[in-house]
Amino acid sequence: MRASMVAFGLFGLAAATFCQRAPSPYYEDTNRIPVSPEVHPDRTVTFRLLAPKASEVVLMGSPGILEVIRAPKPLEKDEQGVWSLTVGPLPPGFYTYGYAIDGGLRMPDPSNPNLELRRWGATSIFIVPGAEKAVFEERPVPHGTVHVNFYDSRNLGTSRMVYVYTPPGYESSQQKYPVLYLLHGNGQIEASWTWTGRANVIMDNLLAGGKIRPMVVVMPYGHIPREIKPGPTVPAGPADAMAIEKELLNEVKPLVEGKYRVLADREHRAIAGLSMGAAQSLSIGLHNLKQFAYIAAFSGGGNRAEWEKADPAELNQLKVLWLGCGTDDAAYKSVKGMDDLLTGKKVKHVFNPSGGGHSWPNWQVYLSKYAPLLFQN
């Protein structure tokens, strides 16, 4: 027995010695990872990338950091093969970025574990803190729960996911809650409003401040295929929009109303979305005014022809119709046109123009402004 213990001990010592001496392959050597991004006290930010054999590295955004630097900027390489660039000072807020190496596609920063998951590849994210915490930053308040539901869509003949946020106290109560359907943009997925947009954090903070009524937030997937370049047999074009509308109404809504304690009437049902999801929200809401009492579009316009034909009296039955867009956003002209159309038709609505462009800092603020208007009477 003693001999076997000695042998085991010697084996363990040999293994430990081997682990200590075995060098990591160059592509997994964590000792070589540079700090990036490094946010300095003056709000300048330094980006670094170890790429000794690269001939060009460019800082990109989508748009994220591009809203500040305005155009992609090259990094410079030092003697150790570390490329770096310092920009700013940047306004406090939320930023996305990536690198393009030797003319290739944008890639995330391997030094930064914080990612925005997208349909066409992840991109990196970081926050420049301000004097006060932003609405999307975590605080020591009661937290809700984010549920990930898998389901088989009979409508589309495939397996899909839907994220659902339930407010603090949901599990221990018996009450029913109003529901907000929250849609993502063209490059995003069903996880985007939580993992990147931090909708759950925003709702937690608003609830803790007494600014909103507790609600369930449903975040479905807004495309038919998951691939960015679908095969030739996948339908495209206007049929996609109608298929997604059918998916929301015939698959997602029944799942939510059957599984969660939600109030299943028009007065307690809202819809909102960003970019592509804004257009979907305006379309689905307009087609189903008897099912939704609240509609919002963040940085995206609707089908103008359909809204021109709509009866103002019916539109004015909406409790809230909300539009928001950044003045630097390419979508601003379309959204402002929708505002002008609604104003001309004497349709009650809120138009929230803001600075900035087509990015999360605006969409997060828009959600924080729209949510307090919901389900108040």
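Points worth noting:
- Only the Cβ atoms of Lys and Arg (+1) and of Asp and Glu (-1) were treated as charged; on that basis the dipole of the stretch 134-282 about its Cα centre amounts to roughly 180 debye.
- Accessible area (Å², 1.4 Å probe, nearest 10) - Trp120: 110 Å²
- Residue among Ser192, Pro25, Leu85 farthest towards the positive dipole end of the chain, charges placed on Cβ: Ser192
- Over the chain: helical MRE at 222 nm, DSSP H runs n ≥ 4 each giving -39500 (n - 2.57), nearest 500: -7500 deg cm²/dmol
- Hz values of 3J(HN,Hα) by residue in the stretch 336-341 - Karplus curve (6.51, -1.76, 1.60), Gly and Pro given as x: 5, x, 5, 4, 5, 4
- Amide H contacts under 5 Å for His147: Val164, Tyr165, Thr166, restricted to partners 5 or more places along the chain or on a different chain, H placed in the peptide plane at 1.01 Å from N.
- Modelled label positions at Glu138 and Asn114, each set 7 Å beyond Cα in the direction of Cβ, lie 1.1 nm from each other.
- Prolate/oblate/rounded call for the stretch 91-161, Cα gyration tensor, a/c under 1.5 rounded: oblate
- Share antiparallel - DSSP beta bridges, the chain, percent rounded to 5: 60 percent
- Cα gyration tensor shape for the stretch 276-377, rounded if a/c is under 1.5, else prolate or oblate: oblate
- Dipole magnitude for the stretch 37-132: computed about the Cα centre from +1 point charges on Lys and Arg Cβ and -1 point charges on Asp and Glu Cβ, it is near 300 debye.
- Accessible surface, per residue, of the chain when the full set of protein chains is kept, probe 1.4 Å, Å²: 49 Å²
- Share of carbon and sulfur in the accessible heavy-atom surface of the chain [1.4 Å probe, %]: 57 percent
- Three semi-axes of the equivalent ellipsoid, the stretch 23-177, Cα gyration tensor, whole Å, largest first: 36, 22, 16
- Using θ = phi - 60° in the Karplus curve 6.51 cos²θ - 1.76 cosθ + 1.60, the 3J(HN,Hα) couplings for the stretch 199-214 round to 4, 5, 5, 4, 5, 4, 5, 5, 5, 4, x, x, 9, 9, 7, x Hz; x is entered for Gly and Pro.
- For the stretch 144-156, putting each phi into the Karplus relation 6.51 cos²θ - 1.76 cosθ + 1.60 with θ = phi - 60° gives couplings of x, 10, 9, 9, 10, 10, 9, 8, 9, 7, 6, 5, 9 Hz, in residue order, rounded to whole numbers and with x for Gly and Pro.
- Peptides 50-63, 71-84, 206-219, ordered by how many other C-beta atoms sit within 10 Å of their residues on average, highest first, read 206-219, 50-63, 71-84.
- Counting only heavy atoms of the protein chains and using a 1.4 Å probe, His143 has close to 110 Å² of accessible surface.
- Cα centroid of the stretch 172-202 to Cα centroid of the stretch 287-302, whole Å: 16 Å
- The residue list Ile212, Ala297, Ala264 was ranked by how far each Cα lies along the charge dipole of the chain toward its positive end, using unit charges on Cβ atoms, and Ala264 comes out on top.
- Probe 1.4 Å - accessible area at Thr86, Å² to nearest ten: 80 Å²
- Selection from Phe150, Pro178, Tyr370, by position along the positive dipole direction of the chain (Cβ): Pro178
- Scattering profile of the stretch 191-327 at q = 0.09, 0.16, 0.22 Å⁻¹ [log10 I(q)/I(0), Debye over alpha-carbon scatterers]: -0.30, -0.97, -1.64
- Estimated dipole of the chain in Debye, rounded to 20 [Cβ of Lys and Arg +1, of Asp and Glu -1, Cα centre]: 680 debye
The values are calculated or read from the model by the stated rules, or taken from the named source; none is laboratory data. On a predicted model such as this, the values are computed, not experimentally measured, just so you know. We place every Cβ from the backbone using ideal geometry, glycine too, and count neighbours over all the protein chains shown. To get the accessible areas, we keep the full protein, side chains included, count just its heavy atoms, and leave off ligands, DNA and RNA. Shrake-Rupley method; radii C 1.70, N 1.55, O 1.52, S 1.80 Å.
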